[in-house]
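The values are calculated or read from the model by the stated rules, or taken from the named source; none is laboratory data. In this text the structure is predicted, and so the values were computed from the model without any measurement. Virtual Cβ from ideal backbone geometry, glycine too; neighbours counted across all protein chains shown.
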Amino acid sequence: MVHSFGCFFPYNGSHTQISSYSMLPALSLNGILHLDVQAQSYTATIFNGFIDGLLDSMNPFPQKNSVMPAFITFSAIKARIQENCSFAHVEMDGRVNCDPYAMLWEAVFETVDQEKALGWYRDSGYI
């Protein structure tokens, strides 16, 4: 499941989009197994490349490193970014010293740990 989000900020009384990123997180029982973030929409070719990379480290359910859809994972990541929106705005505004990819990877791996992954698997009825 591909998730996209943008970062908006007020500019002269209106909302202006400053950046937009697409994210593909793959959730396993241990947390995020595979992640891709890019500043464009995913095409079939790019998505297939993500899946090829994911298959190298994935196992059939219910073994370790089996993967489930990560909608709730993305909701948690998005909430974390929104809680830190001032920092996100600075990192996504295109200045030379900004690194939106590092900020997004940090948000993912600080939000999704093994305990939360196990809870999401349990709440979804997978375990």
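Give the residues of segment 83-127 that are in a helix (DSSP H, G or I) and at pLDDT below 80, sorted by residue number.
Answer for segment 83-127, where residues must be in a helix (DSSP H, G or I) and at pLDDT below 80: CYS85, SER86, PHE87, ALA88, HIS89, VAL90, GLU91, PRO100.
Give me a count of the residues in segment 97-121 that are exposed (fewer than 13 other Cβ atoms within 10 Å of the Cβ) and either touching an Asp or Glu at 6+ places or on another chain (Cβ under 6 Å) or on the phi > 0 side of the Ramachandran plot (or both).
Within segment 97-121, residues that are exposed (fewer than 13 other Cβ atoms within 10 Å of the Cβ) and either touching an Asp or Glu at 6+ places or on another chain (Cβ under 6 Å) or on the phi > 0 side of the Ramachandran plot (or both) number 0.
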